[in-house]
Amino acid sequence: MNHKKKHFVIAIDGPAGAGKSTVAMLVARKLGFLYVDTGAMYRALTLKALKSNIELNNKESLIEMARNTRIEIIQNENGCGILLDGEDVVKQIRTEQVSANSHFVASIPEIREILWSIQRSFRDSYDIVMEGRDIGTVVFPDAELKIYLDASPEERAKRRYLQILSQGIEANIQKIKAELLLRDERDSRRKIAPLVKHPEATVIDTTSLTIDEVVSLVLDLYKKKLAELEN
Ligand code: DC
């Protein structure tokens, strides 16, 4: 008989700028769960392709590259760090160039399969909070708790704008909004694992909520689910 403890998975999906990373990191910290940012994995492969001058339209080369890449998730003081072939790339993956080009690797089924298998492997050893676009729908359709975080495009653009300004960089909010909408479109229209809400997912619209309010809502849902499972 298999006595292996089943680990708890909190899957958080939603569009860019809905607050997934901050909320997932804080919830994981509160519960002592592992926090996994799956977007960082797609970004890391994109970074490697850009650095290696691999043509982003060349699927075969991208697949070959992904098969020969080591991606590791580490926990650091800011949440989820990532090692690309042993190198800490947590800062390098956040550039606009990487954001704008991540859809190439994200739309290749063979590459998603490689990352899915890494993502699923975490559950063997940890309770996890995992965030992305397809966590509740594809990676862990049996996740104990599925959350879909959303916010209006205006609010998401404003958050991104303020974040860029706080780094002392100039930004144009209209341009940011247009780029967000383009990313939404690409994420939700993609053939493989598009961004869609799982029918069982609880939707939280974060437009007029503070981060603390969203975190408390997720923690309440977790407690409710845990009580249900224990009964
Ligand atoms: O969440 P993010 O902006 O860091 O995601 C980076 C890219 O990866 C973005 O193009 C969406 C894609 N992505 C995905 O296809 N599936 C995921 N589970 C997470 C991210």
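All of the numbers you see were taken from the coordinates with simple rules; none came from a lab. Bear in mind the structure is a predicted one, so any value in this text is a computation, not a measurement. Backbone-built Cβ (ideal geometry, glycine too); neighbour counts: all protein chains shown.
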Give the residue that is nearest to the chain's Cα centre (by Cα), with candidates limited to residues of segment 138-164 that are assigned to a helix (DSSP H, G or I), surrounded by fewer than 22 Cβ atoms within 10 Å (Cβ to Cβ) and within 14 Å of the ligand (Cβ to nearest atom). Val138
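Sort out for me the helices (runs of 4 or more DSSP H) sitting completely within segment 16-134 that have 3 or more residues that are closer than 27 Å to Arg160 by Cβ, within 14 Å of the ligand (Cβ to nearest atom) and not charged (D, E, K, R). Explain how you work it out, then say what you get.
Working: elements: 20-31, 39-51, 59-67, 96-106, 109-121.
Helices (runs of 4 or more DSSP H) meeting the threshold: 20-31, 39-51, 96-106, 109-121.
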Applying the selection to segment 178-201, what residues are under 15 Å from Asp13 (Cβ atoms) and either buried (at least 17 other Cβ atoms within 10 Å of the Cβ) or of a type in the set (D, E, K, R) (or both)? Arg183, Asp184, Asp187, Arg190, Ala193, Leu195, Lys197, His198, Glu200, Ala201
Quick test of your reading of the structure: Gly19 fulfils all but one of (1) small (Gly, Ala, Ser); (2) farther than 28 Å from Glu213 by Cβ; (3) crowded, with 18+ Cβ neighbours inside 10 Å. Name the failing condition by number. (2)
Of the numbered conditions (1) surrounded by fewer than 19 Cβ atoms within 10 Å (Cβ to Cβ); (2) within 30 Å of Leu182 (Cβ to Cβ); (3) not charged (D, E, K, R), Asn76 satisfies every one except a single condition; which is it? (2)
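Conditions tested, residue by residue: (1) touching a Gly at 6+ places or on another chain (Cβ under 7 Å); (2) crowded, with 16+ Cβ neighbours inside 10 Å.
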{"residue": "Phe33", "(1), (2)": "no, yes"}
{"residue": "Thr38", "(1), (2)": "yes, yes"}
{"residue": "Ala44", "(1), (2)": "no, yes"}
{"residue": "Arg67", "(1), (2)": "no, no"}
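Given Lys197, Lys191, which one is more than 30 Å from Leu219 (Cα to Cα), in a loop (DSSP other than H, G, I, E, B) and not hydroxyl-bearing (Ser, Thr, Tyr)?
Values: Lys197 fails: more than 30 Å from Leu219 (Cα to Cα).
Among Lys197, Lys191, only Lys191 is more than 30 Å from Leu219 (Cα to Cα), in a loop (DSSP other than H, G, I, E, B) and not hydroxyl-bearing (Ser, Thr, Tyr).
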